[in-house]
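First comes the structure, then the notes that go with it.
The values are calculated or read from the model by the stated rules, or taken from the named source; none is laboratory data. These numbers were taken from a predicted model, which means no experiment stands behind them. In this analysis, Cβ positions are derived from the backbone assuming ideal geometry, glycine residues included, and neighbour counts consider all displayed protein chains. Note: areas computed on protein heavy atoms with side chains; ligands, DNA, RNA excluded. Shrake-Rupley method; radii C 1.70, N 1.55, O 1.52, S 1.80 Å.
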Amino acid sequence: MKRKLTSIVLSSAMAASLMVGAAVPTMAADADKIKIGVSIWSSTDVLGSQCKLILDAAAEALDVDIQYVDQGHVSEKVTASVETLAAAGCQGIIICNSADTEMQSAIATCQANGVYLAQFFRVISEENSKDIYDLAKASEYYVGAVHENEPENGEKLVQILLDKGCRNIGLIGWEQGDATWLGRWTGYQAGVEKWNAEHPDDQATLSEPQYAGTTSEGGAKAANALMSADPNLDALIPAGGGGEPLQGAISAVEAAGKTDSIAIVSTDFLPDLGERLENGSMAGESGGHYCDPLFAFMMVYNAVKGNYTDFAGTFNDVKFPYLYVSSAEDYKDYEKYFVDQLPYTSEELAAMADLSLEDLQTAAASLSIEDAAARAAK
């Protein structure tokens, strides 16, 4: 199963004619098959297309029908997407982006229709949304959440910049109030605060965020605003948003002739990350997490099959690791095992579906470049 992930990006232009919010079935429906729905911000941008590739491979390996709805991270479309997929006969749904308030509606829809539901790249905050967290925990159909440690991610990315000598850091967010964005922001702040406490004579600053939405144009505008506001700016963090804001920010820095003076780090690997680390237009990145939705998919698949049960009263929280690269050399092995081929073969995907929930959690936590290389060598 060697398929070039970057090839999906080349076909994105052809897919761009799909209306956001429209259902995008990718496999013919079969009444005897399990059908799993995917509510996703975009199945065609940098990260979304990679997610789609691994999900399609899993659906093929398990002989499952899969249907996508692109909802553009628009709140009413997020909640409507769950209704659309439930009405289309999906027995399980995985979802991202999904704010806590949107999950309240999504859980109610799935509960009413007897459809299993899992989040990817997101988790309901027990601290900030206790009522919704308790609703999810009490539900017989909320299977759980697969997500990353975002504060840790933010702190590690800031450290990459600080280690490279950057001290005036501009910050680009995507959507105000998004839980993942807020987690990363917490990490960026913590990293700068820790540095300043340890280096009283070598202080770093982090700007207030400029918001870009999830478009390249938004990323460019935010980067230009930050460069105009601070002539001493020497670093940018486009925090995420699927990869498009990052591409816009890179273009803006290049157009300003500041590639050599402004270092950029972000989350969500670009398809040409190796080249950008080589030419200096990227200083580092966290990502490689497009398999995150794969584990949410496996969770709802096993729920539909009756292998995972007794969800009421529990909250299954599956942690997924980020991979970090800060040089072209770092990226080479990632490219070999995650770009030039998928990190799992069809046989491994089929075997993954037979894992217990505990073993699936272990598999998620252990995915790394080294893990993929070891399996590929067998």
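Remarks
- Label zone (Ser327, point 7 Å along Cα-to-C-beta; backbone nitrogen cut-off 18 Å) within segment 121-160: 157, 159-160.
- Mean separation of Cα pairs under 8 Å and 6 or more residues apart, divided by the residue count, gives segment 228-292 a relative contact order of 32 percent.
- Cα centroid of segment 326-378 to Cα centroid of segment 287-325, whole Å: 15
- Measuring nothing but protein heavy atoms, the accessible surface of segment 174-301 at 1.4 Å probe radius is 44 percent carbon and sulfur.
- Point-to-point label distance, Asp134-Asp201, nm (Cα→Cβ direction, 7 Å offset): 5.4
- Computed FRET value (nearest 0.05) for Asp63 with Asp272, which takes r as the C-beta separation and R₀ as 30 Å: 0.30
- Partners for Lys378 among lysines (Cα-Cα distance below 28 Å; same-chain residues under 8 apart left out): Lys2, Lys4, Lys52, Lys319, Lys332, Lys336
- Converting phi to 3J(HN,Hα) with the Karplus coefficients 6.51, -1.76 and 1.60 and the offset θ = phi - 60°, segment 174-187 yields 10, 10, 4, x, 5, 5, 5, 4, 5, x, 5, 4, 4, x Hz in sequence order, with x at every glycine or proline.
- Count of Lys pairs (Cα-Cα under 27 Å; at least 8 positions apart or interchain) in segment 76-210: 5
- The DSSP beta bridges internal to segment 228-378 are antiparallel in roughly 40% of cases.
- Remark on Leu236: its backbone amide H falls under 5 Å from those of Gly170, Ala263, Ile264, Val265, a criterion applied only to residues 5 or more positions apart or on other chains, H modelled at 1.01 Å from N.
- In plain terms, if you count all Cα to Cα distances in segment 28-187 and split them into 10 Å steps from zero, the share in each step is 10, 36, 32, 15, 5, 1 percent.
- Scalar couplings 3J(HN,Hα) for segment 196-202, obtained by applying the Karplus form with A = 6.51, B = -1.76, C = 1.60 to θ = phi - 60°, are 5, 5, 8, 9, x, 9, 9 Hz; x denotes Gly and Pro.
- If you sort Leu206, Leu162 by accessible surface, 1.4 Å probe, largest first, the order is Leu206, Leu162.
- Degrees separating the helix 244-255 axis from the principal Cα axis of the chain, which is the longest one: 20
- Rounded to the nearest 20 debye, the dipole magnitude of segment 69-208 is 280 debye, with +1 charges on Lys and Arg beta carbons, -1 on Asp and Glu beta carbons, and the Cα centre as origin.
- A Cβ-based charge dipole, computed about the Cα centre of the chain with Lys and Arg at +1 and Asp and Glu at -1, lands at about 580 debye.
- With the gyration tensor restricted to C-alpha atoms of the chain, the semi-axes of the equivalent ellipsoid amount to 34, 22, 20 Å, longest first.
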